[in-house]
Each structure stands twice: as structure tokens, then as C-alpha cells.
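Colleague: The structure under discussion is supplied below as C-alpha cells; questions concerning it will follow.
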Amino acid sequence: AQKITQTQPGMFVQEKEAVTLDCTYDTSDPSYGLFWYKQPSSGEMIFLIYQGSYDQQNATEGRYSLNFQKARKSANLVISASQLGDSAMYFCATLPIGGTGRRALTFGSGTRLQVQP
Amino acid sequence: SQTIHQWPATLVQPVGSPLSLECTVEGTSNPNLYWYRQAAGRGLQLLFYSVGIGQISSEVPQNLSASRPQDRQFILSSKKLLLSDSGFYLCAWSVRGGAKAEAFFGQGTRLTVV
């Protein structure tokens with residue numbers, strides 16, 4: 001079974017500064033993927049970044065980077081140069097890769113990020 | 001490229017009426033398909049997932065059912081809606097390519113049961 005913990009219900013950041021959103025996970029799967037999604041007020045879930053459990057390097061996608069520390073089971077999202085449009089809910093999720101168990105995305109409770117001008 | 005279509009975007013239904021939400025995926029084969037529900041201001045609750053045609057796993061006992069009549073079609077249904085069925089319903093798909101996985105969501109359906 002998988003469990004995702006996002007300990008920050010809400011975060012504030014000043015425009016143009018960097019912010020780190022925390023995510024820790026607990027899984028017994030030997031191979032898994034870690035995802036971050038952004039959910040603006042419209043409700044759609046926008047894929048941001050992916051990290052495979054066997055990837056040696058931390059994933060980066062534009063202003064998003066994932067600080068993956070496998071031994072600590074953490075996958076924090078770093079947003080650099082925050083913009084007003086980054087204000088949204090952010091969800092961390094894990095998905096088993098392979099195996100015969102439950103092959104579904106498990107989500108954390110989310111972090112609401114507010115970017116202030 | 002892969003796309004996922006989910007409709008309708010919003011729906012207002014009376015208590016006791018039936019429900020059918022449809023989701024279709026394009027540009028990929030044999031995806032895993034999912035239905036999630038999100039209450040206002042809350043996280044995502046997995047309702048059903050499917051690893052193939054006719055294969056449905058239910059996560060929580062409830063008033064809903066799901067079917068997968070074709071490889072890239074996933075349907076969420078109810079015979080009689082309850083007030084507690086109100087929420088935001090999201091369809092998603094995932095595929096695995098080697099050691100990498102991808103997972104994307106539809107636009108969602110906001111269901112209000114009155």
C-alpha cells in the first residue's frame with residue numbers, strides 16, 4: 001500500500017521568490033513513480049513533473065524541480081521565481097510501476113500555495 | 001499525443017435520478033483508467049480503476065459503478081443519485097513505458113445533486 005503525506009496545508013510566497021512544497025511517501029513497491037500536479041480554481045489537474053524511483057538525477061521541468069531523496073522517502077517540489085499564476089493547490093502522488101498489486105495513483109492531501117505580489 | 005476527454009463539465013441532477021459520466025482516451029493503447037472524486041476543498045478519493053476491458057476494481061463501497069466497454073472508454077454510473085454523490089469527478093489514465101510512467105487527468109465533471 002502507498003501513503004503520501006503533505007504536511008503544509010497552506011503556504012505563502014512572495015512573487016519572484018522560490019518555494020518548496022514538502023511531500024513524503026511510504027510505499028512497499030520496489031519501483032514507483034512520483035508525480036506533482038497543480039490544481040487551479042478551475043479544478044483541472046495539471047501535470048507538472050515526474051520522478052522515477054530508479055532515476056539517478058532529480059527531475060526538472062522549466063521552473064519546477066523535484067528534490068528526490070529516496071532514502072528519506074521524500075519528493076519535494078521546488079518552484080523557482082514564483083509567479084502570481086502559480087497560486088493553486090498542489091498535489092503529490094505516487095504510482096506503482098509493474099508488480100501485481102494496486103496500480104493506482106495515491107494522492108496526498110494537498111498544499112494550497114498563494115503567491116503574493 | 002495523448003488526450004483525454006471527459007464530459008459533461010457540469011451537471012445538476014435531482015436525487016434519485018440516474019447518472020452516466022463518460023471518459024475517453026486518445027493516442028494510447030491499453031491504459032490504466034481511473035475515476036476519482038474530490039469533495040470541495042479536499043483531496044482526491046479513488047473510486048474505481050481498470051487495467052483492461054471489463055476489469056474493474058472498486059475502492060470504496062458506494063452508490064456508484066464503473067464499466068469499461070472498450071479499451072479507451074471508461075464510464076461512471078449510478079442508478080439512483082444521492083445528495084452525498086455531489087462532488088468533482090475526475091477521470092485519469094496512466095501508462096507505463098519501460099521504467100517510466102505517465103498519468104494525466106480529464107477536465108473533470110462538477111456534479112451537484114439537488
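Colleague: Got a sec? Which of A:5, A:24 is away from chain B (no Cβ under 11 Å), touching a residue at least 60 places away in the same chain (Cβ under 8 Å) and within 25 Å of residue A:98 (Cβ to Cβ)?
Modeller: Going through A:5, A:24 in turn, the sole match is A:5.
Colleague: Would you be able to say whether some residue in region B:6-28 is among the polar types (S, T, N, Q) and in contact with a Phe, Trp or Tyr (Cβ under 6 Å, 6 or more places away or on another chain)?
Modeller: Looking through region B:6-28, none of the residues is among the polar types (S, T, N, Q) and in contact with a Phe, Trp or Tyr (Cβ under 6 Å, 6 or more places away or on another chain).
Colleague: Please specify each residue of region B:67-85 satisfying the condition of being more than 15 Å from residue B:22 (Cα to Cα) and within 14 Å of chain A (Cβ to nearest Cβ).
Modeller: The answer is none; no residue qualifies.
Colleague: Tally the residues that are away from every other protein chain (no Cβ under 13 Å) and crowded, with 19+ Cβ neighbours inside 10 Å, restricting the search to region B:100-114.
Modeller: 1
Colleague: Go through (1) more than 11 Å from every other protein chain (Cβ to nearest Cβ); (2) open to solvent by 70 Å² or more (accessible area, probe 1.4 Å); (3) acidic (Asp, Glu) and name the single condition residue A:29 misses.
Modeller: So residue A:29 meets the others, but not (2).
Colleague: Still on this structure, please answer the following. Residue B:97 fails exactly one of the following numbered conditions: (1) at pLDDT below 90; (2) open to solvent by less than 10 Å² (accessible area, probe 1.4 Å). What is the number of that condition?
Modeller: Every condition holds for residue B:97 apart from (2).
Colleague: Here's a check for you: in region B:10-33, which residue that is open to solvent by 70 Å² or more (accessible area, probe 1.4 Å) and hydrophobic (A, V, I, L, M, F, W, C) is farthest from residue B:91 (Cα to Cα)?
Modeller: So, considering only residues that are open to solvent by 70 Å² or more (accessible area, probe 1.4 Å) and hydrophobic (A, V, I, L, M, F, W, C), the one farthest from residue B:91 (Cα to Cα) is B:15.
Colleague: Quick one: what pairs do we get from region B:34-49, first residue facing chain A (nearest Cβ under 9 Å) and open to solvent by less than 20 Å² (accessible area, probe 1.4 Å), second among the small types (Gly, Ala, Ser) and in a loop (DSSP other than H, G, I, E, B), C-beta under 7 Å, 6+ apart or different chains?
Modeller: Close Cβ pairs satisfying both conditions: B:34/A:104; B:46/A:104.
Colleague: For residue B:59, indicate whether it is over 23 Å from residue A:33 (Cβ atoms) and in contact with a Phe, Trp or Tyr (Cβ under 8 Å, 6 or more places away or on another chain).
Modeller: no
Colleague: In region A:45-68, which residues are within 13 Å of chain B (Cβ to nearest Cβ), of a type in the set (Phe, Trp, Tyr) and touching an Asp or Glu at 6+ places or on another chain (Cβ under 9 Å)?
Modeller: A:47, A:50, listed by residue number.
Colleague: In region A:75-116, which residues are more than 10 Å from chain B (Cβ to nearest Cβ), open to solvent by 10 Å² or more (accessible area, probe 1.4 Å) and at pLDDT 95 or above?
Modeller: If the condition is that a residue be more than 10 Å from chain B (Cβ to nearest Cβ), open to solvent by 10 Å² or more (accessible area, probe 1.4 Å) and at pLDDT 95 or above, then A:76, A:78, A:80, A:81, A:83, A:84, A:85, A:87, A:114, A:115, A:116 are the ones that fit.
The values are calculated or read from the model by the stated rules, or taken from the named source; none is laboratory data. Remember, predicted model here, so these are calculated numbers, not experimental data. Cβ: placed from backbone, ideal geometry, glycine included. Neighbour counts: every protein chain shown. When the accessible area is computed, the model is the full protein with side chains, heavy atoms only, and any ligands, DNA or RNA have been set aside. Shrake-Rupley method; radii C 1.70, N 1.55, O 1.52, S 1.80 Å.
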